[in-house]
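Visitor: The structure that follows is given in the form of structure tokens.
Any read-out appearing in this document is the output of simple, stated calculations on the displayed coordinates, not a laboratory observation. What you are looking at is a predicted structure, and each value in this text was computed from that prediction instead of being measured. Positions of Cβ are generated from backbone atoms using ideal geometry, with glycine treated the same way; all protein chains shown enter the neighbour counts.
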Amino acid sequence: MRRLSVRTSPVHGRGVFALSDLVSGELLLEYKGLHLTWREAQRQHARSRAEAGHTFLFGLDDGSVMDGARGGNSARWLNHSCAPNCEAEQDGTRVFIRAIRPIEKGQELFIDYRLTVEGRRTAAVRRMYACRCLADACRGTMLSGRR
Ligand SMILES: [Zn+2]
């Protein structure tokens, strides 16, 4: 039985939604994509500005990223929230999405992207990764809190 579906999100573009009630701690899906260094990802991101607005990049612990736009699955439509109901677990270079709260049928799934950028966070970089989530605790960026 399918537990998740992709459809238009009130937060941004498309999103991933629960088709049934999900239990906290439940493993939901794997985040698939091409494994890239941050620099490679930045170059490609700049090249594909036409698609800008949806970030398919997922930051790994070592600063590299998964590019869900290539070789990705429906997990690439997970929107960012500063108060997420899911969390990404890294196992080597594989990433799994797990519920960290009970999620009701129909609710959108969110993760905290925690993207890391190399070099200075210029105004352009900050704009590119500005957060549009509706959380009270929104920190205004999809980048990690680390400076
Ligand atoms: Zn936010």
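Visitor: Starting from the Cα-Cα distance between Arg14 and Ser144, subtract it from 0.36 nm times their residue separation and give me the gain in nm to one decimal.
Guide: Gain in length upon complete extension: 44.6 nm.
Visitor: Using only the alpha carbon atoms of the chain, find the Kirkwood hydrodynamic radius as the inverse mean reciprocal pair distance, in angstroms to one decimal.
Guide: Across the chain, the inverse of the average 1/r is 15.4 Å.
Visitor: Further question: Using the crude model of +1 on Lys and Arg Cβ and -1 on Asp and Glu Cβ, and no other charge, please compute the dipole size for segment 4-128 relative to its Cα centre, in debye to 20.
Guide: Its charge dipole is roughly 680 debye.
Visitor: Moving to a separate point now. Under 5 Å between amide H atoms, partner at least 5 residues away or on a different chain: which partners does Tyr31 have, H built in plane at 1.01 Å?
Guide: Val95, Phe96, Ile97
Visitor: Here is a follow-up. Quote to one decimal, in nm, the extra length available between Arg127 and Glu104 on full extension: 0.36 nm per residue of separation minus the C-alpha distance between them.
Guide: Full-extension gain reported as 5.1 nm.
Visitor: Determine the gain in length on full extension of the stretch Asp136-Arg43; use 0.36 nm per residue of separation and subtract their C-alpha separation, reporting nm with one decimal.
Guide: 30.2 nm
Visitor: Compute the signed sum of charges (Lys and Arg +1, Asp and Glu -1) over the other residues within less than 13 Å, Cβ to Cβ, of Ile100.
Guide: Net charge in that neighbourhood comes out at -2.
Visitor: What FRET efficiency comes out for Ala83 versus Glu26 if R0 is 22 angstrom and r is the Cβ-Cβ distance? Round to the nearest 0.05.
Guide: Calculated transfer efficiency: 0.75.
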